[in-house]
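Single-structure report; data block below.
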Amino acid sequence: MDDTRRSFLKIAGLSMLGFGAKPVVDAVAGTGDPKFEKDSKAFNGKRWAMVVDQQKCLKAKEGCKDCVTACNSAHNIPEFNNPKDEIKWIWQTSFEHAFPGQENPYLDEYIKKSLKGLPFMVLCNHCDNPPCVRVCPVQATFRRPDGIVVMDYHRCIGCRFCMAACPYGARNLNWRDPRPFIKKENPEYPTRTRGVVEKCNFCSELLAVGKMPACVDACKDKALVFGDLEDPNSEVRELLRSRPTIQRKPQLGTRPQIYYIL
Amino acid sequence: MLEKALRGNKSYFAWIGFLLILVGMGFGFYLRQLGFGLGITGMSRDVSWGLYIGQFTFLVGVAASAVMLVLPYYLHNYKVFGKITILGEFLAVAAVTMCLSFIVVDLGRPDRAFNVLLYPTPNSVLFWDMVVLNGYLFLNIFVGWTVLESEAKSVPPPKWIKPFIYLSIPWAVSIHTVTAFLYAGLPGRGFWLSAIMAPRFLGSAFAAGPALLILICLFLRKYTKFDAGWEAIQSLAKIVTYAMIISVFFVLCELFTVFYSQIPEHMYHFLYLFVGLHGHSGLVPWMWASTVLAAIALIIMINPKTRNSPGTLAIGCAAVFFSLWIEKGITLVITGYIPSPLETITEYHATLPEIGIVIGVWALGFLIMSVLYKVALSVKAESA
């Protein structure tokens, strides 16, 4: 009797071990991707990117924040009015904060004179080689084949390793329940719970139904240009061909995909 | 054997009761954090890791230091450590438990902690940290308990335990190396982006852990019947001395590279830490306290006279421990975020609930350590 119980427990233990090993095996020898049908109107970009034409962003000095407001209401971003809990996907900052180390007094003069001392628009760079994706222990943030770096709010454990890894300060944690602080809820996009990380998603939910990103759509001066880098006839490619552009911290090897025209 | 922890004198139970109260208090604060979110702490969008991850980092070092007893005793047959090796192993158990607790209290969604197992991600250093920490916890409980059980039965430890003991030696190095890699591989954080991070972690670990053990041994010698032996304490003291010298040397190497190269994104952090930056100097007093303590520690520990006398040795070890606790438990993590990648400065101030939770987790660690030590010392007293 004792002998059979012993061998039963042994086999039971080994089978439990087998179940435990399954996710590991899956990780090494992955199964196929799930299939789903796309919206017929969806944009099918191969490599999405954005050009920020600062020369056109002329109303920012007069307090224009159309792109920020559009993003906030499209994505149910809460307003806490304190920097500690703050959540921002796209925001304005000065040149020396957007491009630290690249400032010099003469460039400062240029920005003051020719660009009217504009604030610069900063957001997630949707890097080709994103450090945040590399460090995430649960693959809650990942890079899609079309280059967009997205978040799975339902998988994120809130460890904030990605926030340490992002060299652009683009990531936010929901330090507290955001829902009471959402001004007007947009039912087209999920709200988040406290304790998960979020950031700009290039409006992947709008691209999927054939709409441009909310910030791009909101800018009346067409300072934000969004498009497919793999398409040689796209507007972004035309701008990159014809105008000199810079990126934020390209030396870090992240290959950021937001380009700036000064 | 665990029943031995249930017998003791009044002061033992008073100590256990005291620790239980602190654990309960910490748990109360943790419930509040669960209800409100991590916004209850001093952490922010810019400084997104704080005291919790700092304590975690420091305690990984304390845990790793058990190898400083295991290696001489089992690999070099250094008999003097025979009596206290178990203390090192059980200290490691308590320290790793604190580490894991600090990770859990730091999670935004602790209810999803097991996602790390459900979606194993070999390219994430955090995944490997989870693997090595849990492995190390298992190894130390397993080895410590098996060896102690043999001692209780007055038989030599079983032969099959040897491979586990040998495995625990490189494993100890791995826990602190992997923990250093959490920081040392991030492109945008100049303060952490240094190849010497892992050696530095090991250097400070092998000073802080044994220093704590010496303090414990001196305490046990004075207030209980357990004497670790003066020779063992002296050997440990030499280990602490060398490790502290190496640790300080590594920090100086760091300072040379940063200030001679003058690369701003590396230098600003050190400026903030030592003299303040753009009028912000929240960590300056801490850093100088750590520096002064390190100097005192080196003077006491290098001088054989002061190292050989129990009174000054205790002061020296306390100086080592607190100097490194500040360096790794507070400044190392927070300074990495100041200035931010956009070169703005947001300072960090721990809140009351946050400190309460920190104290609670430390009390939990001391509770585990006290219970395990009680068992170990009772077994040793009976078999002597």
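What to note about this one:
- Cα-centre dipole for the range A:164-214 with unit charges at Cβ (Lys and Arg positive, Asp and Glu negative), debye to 20: 180
- The phi-based Karplus calculation (6.51 cos²θ - 1.76 cosθ + 1.60; θ = phi - 60°) puts the 3J(HN,Hα) values of the range B:363-376 at 4, 4, x, 5, 5, 4, 4, 4, 5, 5, 5, 4, 4, 4 Hz, whole numbers, x for Gly and Pro.
- For the range B:100-251, alpha-carbon Rg relative to the globular expectation (2.2 N^0.38 Å, N residues): 1.27
- Long-range amide H partners of A:ASN172 with built H, under 5 Å: A:GLU198
- Taking chain A as a Gaussian network of alpha-carbon nodes connected by springs under 10 Å, the highest mean-square fluctuation of the residues A:GLU235, A:GLU205, A:GLU62 belongs to A:GLU62.
- Heavy-atom accessible surface of the protein assembly as shown, averaged per residue, reaches 45 Å², computed with a 1.4 Å probe.
- Chains B and A together, accessible area buried on both sides, 1.4 angstrom probe, square angstrom: 3800
- Taking the Cα atoms of the range B:240-299, the ratio Rg/Rh between the radius of gyration and the Kirkwood radius comes to 1.02.
- FRET efficiency, B:THR306 to B:TYR78 (Cβ-Cβ, R0 35 Å, nearest 0.05): 0.90
- Among the listed pairs A:LYS10/A:LYS35; A:LYS38/A:LYS249; A:LYS35/A:LYS249; A:LYS56/A:LYS199, a Cα-Cα separation exceeding 31 Å is found for A:LYS10/A:LYS35; A:LYS38/A:LYS249; A:LYS35/A:LYS249.
- Of A:LYS59, A:LYS22, A:LYS222, the one that fluctuates the most in a GNM where chain A has Cα springs shorter than 10 Å: A:LYS22
- Here the 3J(HN,Hα) profile of the range B:145-154, calculated from phi with Karplus coefficients 6.51, -1.76 and 1.60 at θ = phi - 60°, is 5, 4, 5, 5, 4, 4, 5, 5, 8, 6 Hz, Gly and Pro shown as x.
- Rounded to the nearest 0.05, the FRET efficiency derived from the C-beta distance between A:GLU62 and B:SER150 at R0 = 51 Å is 0.05.
- DSSP beta bridge pairing in chain A, given as percent antiparallel to the nearest 5: 80
- Protein accessible area in chain A, 1.4 Å probe - carbon and sulfur %: 56
- Using C-alpha pairs under 8 Å with a sequence gap of at least 6, the mean separation divided by the residue count of the range A:114-262 gives a relative contact order of 23 percent.
- Put simply, the convex hull of the Cα atoms in the protein assembly as shown casts, on average, a shadow of 33.8 nm².
- The relative contact order of chain A, computed from alpha carbon pairs under 8 Å that lie at least 6 residues apart in sequence, is 30 percent.
- Nearest-0.05 FRET efficiency for A:LYS35 and A:GLU188, computed from C-beta distance (R0 30 Å): 0.80
- Electrostatic tally near A:VAL52: other residues with Cβ closer than 12 Å to its Cβ, Lys and Arg +1, Asp and Glu -1, net +2.
- Electrostatic bookkeeping for B:TYR223 treats Lys and Arg as +1 and Asp and Glu as -1; over the other residues with beta carbon under 14 Å from its beta carbon, the sum is +4.
- Convex hull volume of the range B:2-383 per residue (C-alpha atoms, cubic angstrom): 145
- The largest accessible area among B:ILE21, B:ILE165, B:ILE302 belongs to the first residue in B:ILE21, B:ILE302, B:ILE165, and the rest follow in falling order (1.4 Å probe, all chains).
- Carbon-plus-sulfur accessible fraction, the range B:2-383 (probe radius 1.4 Å, protein heavy atoms only): 73%.
- Once the gyration tensor of the Cα atoms in the range B:1-131 is diagonalised, the equivalent ellipsoid follows with semi-axes of 32, 24, 13 Å, ordered largest first.
- The loop-placed trypsin sites (Lys or Arg not before Pro) in the range A:177-216, going by DSSP, that have at most 14 neighbouring Cβ atoms within 10 Å of their Cβ come out as A:LYS183, A:LYS184.
- Relative contact order, percent, chain B [alpha-carbon distance under 8 Å, six or more residues apart]: 31
- Remark: the range B:115-129, residue by residue, has Karplus-estimated 3J(HN,Hα) of 4, 4, 7, 5, 10, x, 10, x, 7, 9, 5, 5, 4, 5, 5 Hz, where x stands for each Gly or Pro and the curve is 6.51 cos²θ - 1.76 cosθ + 1.60 at θ = phi - 60°.
- Free-standing Cys, chain A [no other Cys Cβ under 4.7 Å]: A:CYS57, A:CYS64, A:CYS71, A:CYS127, A:CYS136, A:CYS156, A:CYS159, A:CYS166, A:CYS203, A:CYS219
- Against the main long axis of the alpha-carbon atoms of chain A, helix A:105-114 sits at an angle near 70°.
- Along chain B, longest interval not containing exposed trypsin sites (Lys or Arg not before Pro), exposed being DSSP loop plus at most 12 other Cβ atoms within 10 Å: B:226-384
- Spatially, the range B:205-222 and the range A:59-135 are offset by 51 Å when compared through their Cα centroids.
- Whole-number D in µm²/s for chain A (Stokes-Einstein; Kirkwood sum over Cα pairs; 25 °C, 0.890 mPa s): 119
- The order of A:GLU86, B:GLU3 by accessible area, most exposed first and with a 1.4 Å probe, is B:GLU3, A:GLU86.
- Within the shell of other residues whose beta carbon sits under 15 angstrom from the beta carbon of B:ASP129, the net charge comes to +1, with Lys and Arg scored +1 and Asp and Glu -1.
- Considering only B:LEU193, B:LEU118, B:LEU20, the Gaussian network model of chain B with Cα springs below 10 Å gives its largest mean-square fluctuation to B:LEU118.
The values are calculated or read from the model by the stated rules, or taken from the named source; none is laboratory data. The structure displayed is predicted, hence computed values, not measured ones. FYI the Cβ positions are ideal-geometry reconstructions off the backbone, even for glycines, and counts take in every protein chain you see. Please note that ligands, DNA and RNA were not included when accessible areas were found on the heavy atoms of the full protein model with its side chains. Shrake-Rupley method; radii C 1.70, N 1.55, O 1.52, S 1.80 Å.
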